[in-house]
Amino acid sequence: MSAGPTPAKDGAALAASGAGRRIARLVRGLAPARLLFGPVFQVDVRVSGRKGWTYASRCMVAALLLGVMALAFIGAGSELDRTSAADRLQRAQGIAPALTLTVLWFQFVVLAFVAPSLTAGAICDERNTRTMVALLATPLTAGQIMLGKFTSRLVQLLILSLIAAPLLLSLRVFGGVPAGVVLKGIGLIVMVCITGAALGLFFSVRARKPAKAAGNAMGVLMLFAAGPAIMIAIWGQVMGASLAPGRNPWVDVVWALCSPAVMGVLSAEIMTESLPVSSGTLWGTSMLLHGGVTVLALLCASARLRAVMRADNIVPAAPARRSRRSAPAAKAGADGATHVTDVSERFAESSREVSDRPVLWREMRQPIFRSRTRLLIAVLGGIAVAVLFYSQASLRDDDTHMMVAVLGMTMLVSKACSQTTGTVTSEREGRTWDVLMSTPLRAREILAGKALGGLWRMWFIPALLMLHFGIVAVPSGFVRAEAWLMLPPVLIGTSVFLCCSGVAFSLLSKKSTGASTWNFLLAGGLWMGLPIFLAFLSGTGLLGRGGDTQQALSAAVQGMNPVGISVASVRGLTESLGESSAWAVPGPRQYRISSWSLSPAEFVGVCWVFGLGYCVAGYAFLTFAAARFNRAAGRTS
């Protein structure tokens, strides 16, 4: 007679079968079709395909590229008609490299700003619409959800990136442009956009507002673009050696993380210039590094997503501990018994005085940092960076002040572009917009309060710049005292303009990611697109060769660029000072904007015209938004 199965064997068999099912489910979940193109991907692609903005953005990019090419051919035709046949053939071969570089850099700059905005609302929108619990109820893993969101946004991003590929390859009919270099440039643009999209998705898990997620992602992407160059510059000053690409393999790895430097190497190869480093090696290393950053961002976002979903929807909040400050107060009643006074009653007894401008009053009280811990970390980090910087960099070197000006102004523009783009959309997403619309406040009061509140929360970046130039450099004698008259209007004008335009775009857009994208495109078009476009026109000969029109336009474009006018001011403030005092330098000094030379008084006037002009432009944005307020906000009167 045989013995029956024992309970121990049954338990082991059940455990083995359960482990086998889990492993099989894990293997099925890792299939590319389920992981990348699952239900989340299909839903998001279908939803985005039904939106008009999806097709409008593609048409806009294609129209801009066709416009650039049309201007190139018009300028080339006007030049070729006045030359001989041999010169005509030689000039035609020079058109293709210039036009290729213009299109590549245009796409590189614009799409790098657009990519984080496409994914910044992937998780934030689910939170705001309270559909996270529906995602948590599905059998999808966190990785499947994140990769589905990621790949669905990549469809639009890849289409925008590859629109220019047929145009760029068609330019090879003129000769002078290798197809391999063009494909490398397109590949670098695509990889930078993929990295920006992954960073936007990572910050979308951690942030509650899409605009903040997009701004953080763009800031990290700019740090990857500018950080290696700054680190190598400081390292070169300390070591006293040139750290250009091609000198050291480890330095080349750092340069490979700087995507503008890699694009510059590819540009030099297109222009057939000699290079100390192989563009293929630098390009391949850059692609691998950006791919690694992308994978790391997606892994961190997937690991964080499940905890966020449970915290927001399933796990109830733990009861807060009562502190002495929030504990119920006890008081003796008429009968001698002790009664407990509720906190709300005690709070009702105290009054807080609200200003006559309640929107501005509330916006001015919004914290810059969410907690004191983050404030402490920011302060300690800033002190550490300042100590490291001032211990290694020399205040006698003009490049030190130039680097501070360029980096600080770039940070200011990046912060201002996303500072106020979520002010109105966050009210709509938080279901508080209807309450605000029921008040008798006028449109100008609401919009101006939003803009001024966002402007107030940006005080720390201008304060750091003025701390360096006005408190450290001027008393040390390495920067002239005119810095107090030149830099403040530039900083204030730039901040006011972008904060006001951000409020206007936030009112006219349904989502904060769209408003942030429009604001970044406005800043990029004015301060990056115009110089590139002017250089392109000058190269094609439409503006003449070094004529008065070209010089006037160059001065105007640099004079309306905050980074350009900051560079011109720092160059004049530090010129020929050396170790002497700023107040003891004899002789007249000149400030240069393009090919124009200005006296200190004239340049101070230019800086104040810059600041006032952008303040007026910001006021025009608010006026336009106030005129469209009732229609955009759904107000009847």
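Quick notes on this one:
- Remark: the Thr549-Arg365 segment gains 61.3 nm on full extension, using 0.36 nm per residue and subtracting the alpha carbon distance.
- Net length gained if the chain between Ala378 and Val472 were fully extended (0.36 nm per residue, minus Cα distance): 31.8 nm
- Karplus-based coupling profile of the stretch 257-265, in residue order and whole Hz: 6, 8, 4, x, 5, 5, 5, x, 5, with θ = phi - 60° in 6.51 cos²θ - 1.76 cosθ + 1.60 and x standing for Gly or Pro.
- A P(r) calculated from all alpha carbon pairs of the stretch 451-514, with 10 Å bins opening at zero, reads 20, 38, 24, 13, 5, 0 percent.
- Note on Asp434 and Phe37: with the Förster distance fixed at 35 Å, the Cβ-Cβ geometry gives a FRET efficiency of about 0.35.
- Burial ranking of peptide ranges 398-405, 118-125, 146-153 (average Cβ count within 10 Å, highest at the top): 118-125, 146-153, 398-405
- At a probe radius of 1.4 angstrom, the accessible area of the stretch 438-492 per residue rounds to 42 square angstrom.
- Nonlocal amide H pairs with Ile593, under 5 Å, H built at 1.01 Å: Leu598
- Overall form of the stretch 352-633: oblate. Here a/c, set by the Cα gyration tensor axes a ≥ b ≥ c, is 1.5 or more, and a/b is not larger than b/c.
- Percent accessible area from carbon and sulfur atoms, the stretch 352-633, protein chains only, probe 1.4 Å: 65
- Per-pair calculated FRET efficiency, R0 = 51 Å: Ala307 and Val609 via Cβ, rounded to 0.05: 0.45
- Distance between the C-alpha centres of the stretch 188-206 and the stretch 288-308: 10 Å, rounded to the whole angstrom.
- Set Lys209/Lys450; Lys51/Lys415; Lys184/Lys209; Lys149/Lys450; Lys212/Lys511; Lys415/Lys510 screened for pairs whose C-alpha atoms are more than 24 Å apart: Lys51/Lys415; Lys184/Lys209; Lys149/Lys450
- The distance between label points at Thr138 and Trp484 comes to 6.1 nm (points 7 Å beyond Cα on the Cα→Cβ vector).
- Listed peptides 474-480, 134-140, 490-496 by packing density, highest first (mean Cβ within 10 Å): 490-496, 474-480, 134-140
- Each label point was placed 7 Å from the Cα along the Cα-to-Cβ direction; for Leu66 and Asp399 their separation is 4.6 nm.
- FRET efficiency for Val253 and Arg130, using Cβ-Cβ distance with R0 set to 45 Å, rounded to 0.05: 0.50
- The label point for Leu183 and the one for Phe389, both projected 7 Å from the Cα toward the Cβ, are 4.3 nm apart.
- Mean Cβ count within 10 Å, highest first, over the residues of peptides 448-458, 520-530: 448-458, 520-530
The values are calculated or read from the model by the stated rules, or taken from the named source; none is laboratory data. Everything numeric here is computed off the predicted structure, so don't read it as measured data. Positions of Cβ are generated from backbone atoms using ideal geometry, with glycine treated the same way; all protein chains shown enter the neighbour counts. The area values use the complete protein model at the heavy-atom level, side chains included, leaving out ligands, DNA and RNA. Shrake-Rupley method; radii C 1.70, N 1.55, O 1.52, S 1.80 Å.
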